[in-house]
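Structure first, commentary second.
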Amino acid sequence: MAPLRTLVIFLLLLLALVPALSRPDGGGGGFYDPARVTQLSWRPRAFLYSGFLSHDECDHLVNLAKGRMEKSMVADNDSGKSIMSQVRTSSGTFLSKHEDDIVSGIEKRVAAWTFLPEENAESIQILHYELGQKYDAHFDYFHDKNNLKRGGHRVATVLMYLTDVKKGGETVFPNAAGRHLQLKDETWSDCARSGLAVKPKKGDALLFFSLHVNATTDPASLHGSCPVIEGEKWSATKWIHVRSFDNPPDVSLDLPCSDENERCTRWAAVGECYRNPKYMVGTKDSLGFCRKSCGVCDA
């Protein structure tokens, strides 16, 4: 009877833990629940996580950002600097990494879900879209050398929705494969009808990749934020780079962009840039051997 009693006690303890583990906040910063993730597309690779953030976490991020918001800017391809543009009409601000325990927990959860290191990511950017505000279709990867100097290309983006939006504000992928197969009723905006779209829902998170697994840029990752028609939209963006954004290499990036091994292209195609970044991409102290194939420099 003793073994049976022990088994019953173990099962009861396990059942008691399940609600905590399945909470949107995961019962811990680095936990994520794959059962909540839905594949939206393979071109681009896009996934929706239902309840990635708790409503309390969403409200906390919004409250942290209020009072610091500034007019949103875009990256200039020539200088690498941030400039004003009518392409992007929202307001925004960045939260410091590890600003508090809640922000730290979200940072860890993003890393756990994406399987990409925390140090490869930029700080969380909070965005606020009021009536009519939007962000025209754009790519998150770069077209210039200046922006590649710190962390290389953005390989992935995690977009967290902090509020519901009455109408509009959808994230749309105009170039997504199969975009015309998504059924949409009158609750979707005209902008959202132009491609594969995701409605902002408080607590949900969208993950999409801007690079293919072989580290080449993916044109299907073109995306935008549709104009808000009713209500307002708050969101949090996490951009993740090919290599460390926090600790960029202390070496010159003016060196020729090349591969040092004839098999680099083949290795990159099967995902070695992510599985073996020290050799393929390099560290803060030394360059990798397959930088060209991994897309961390501009040939």
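The values are calculated or read from the model by the stated rules, or taken from the named source; none is laboratory data. Not measured: the values here are computed from a predicted model. Cβ placement follows ideal geometry from the backbone for every residue including glycine, while neighbour counts extend to all protein chains displayed.
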Condition check for Val155: buried (at least 18 other Cβ atoms within 10 Å of the Cβ), in contact with a Ser or Thr (Cβ under 8 Å, 6 or more places away or on another chain) and closer than 28 Å to Gly29 by Cβ: yes
Close pairs from the stretch 137-162: first within 17 Å of Ser244 (Cβ to Cβ), partner part of a helix (DSSP H, G or I), Cβ under 7 Å, at least 6 apart: Phe142/Leu148; Gly151/Asn120; Ala156/Thr114
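Okay, residues lined up against (1) free of Cβ contacts under 8 Å to residues at least 24 places away in the same chain; (2) crowded, with 23+ Cβ neighbours inside 10 Å; (3) under 30 Å from Glu272 (Cα atoms); (4) of a type in the set (Phe, Trp, Tyr):
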site	(1), (2), (3), (4)
Ala176	no, yes, yes, no
Arg193	yes, no, no, no
Lys199	no, no, no, no
Gly203	no, no, no, no
Val213	no, no, yes, no
Pro227	no, no, no, no
Lys233	no, yes, no, no
Residue among Glu230, Glu170 that alone is out of contact with any helix residue (DSSP H, G or I) (no Cβ under 9 Å at 6 or more places or on another chain), assigned by TED's automatic domain parsing to the domain that holds Leu53 and at pLDDT 95 or above: Glu230
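Collect the residues in the stretch 169-196 that are under 30 Å from Lys292 (Cα atoms), assigned to a loop (DSSP other than H, G, I, E, B) and hydrophobic (A, V, I, L, M, F, W, C), keeping them in residue-number order.
If we filter the stretch 169-196 for residues that are under 30 Å from Lys292 (Cα atoms), which is where we start, we get 173-177.
With the extra rule that they be assigned to a loop (DSSP other than H, G, I, E, B), the set shrinks to 174-177.
Listed by number, the residues that qualify are Ala176, Ala177.
Would you be able to say whether some residue in the stretch 47-63 is modelled with pLDDT under 95 and of a type in the set (D, E, K, R)?
From the stretch 47-63, those modelled with pLDDT under 95 are none; that's our starting set.
No: zero hits.
Scan the stretch 197-214 and give yes if some residue there is assigned to a loop (DSSP other than H, G, I, E, B), farther than 30 Å from Cys264 by Cβ, touching a strand residue (DSSP E or B) at 6+ places or on another chain (Cβ under 9 Å) and not charged (D, E, K, R), otherwise no.
Let us first name the residues in the stretch 197-214 that are assigned to a loop (DSSP other than H, G, I, E, B), namely 199-204, 210, 212-214.
Adding the requirement that they be farther than 30 Å from Cys264 by Cβ leaves 199-204.
Applying the additional criterion that residues be touching a strand residue (DSSP E or B) at 6+ places or on another chain (Cβ under 9 Å) yields 199-204.
Checking the rest, the ones that are also not charged (D, E, K, R) come to 200, 203.
The answer is yes; a qualifying residue exists.
Any chance you could count how many residues in the stretch 57-69 are exposed (fewer than 15 other Cβ atoms within 10 Å of the Cβ) and in contact (Cβ under 8 Å) with a residue 24 or more places away in the chain? Walk me through how you get there before you give the answer.
Quick first cut of the stretch 57-69, residues exposed (fewer than 15 other Cβ atoms within 10 Å of the Cβ) only: 63, 66-69.
Now drop any that are not in contact (Cβ under 8 Å) with a residue 24 or more places away in the chain, which leaves 68-69.
Final tally of qualifying residues: 2.
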Pairs, first closer than 25 Å to Glu118 by Cβ in the stretch 253-277, second among the hydroxyl-bearing types (Ser, Thr, Tyr) and at pLDDT 80 or above, C-beta under 6 Å, six or more apart: Ala268/Ser293
Ser244 being in a loop (DSSP other than H, G, I, E, B) and of a type in the set (Ser, Thr, Tyr): yes
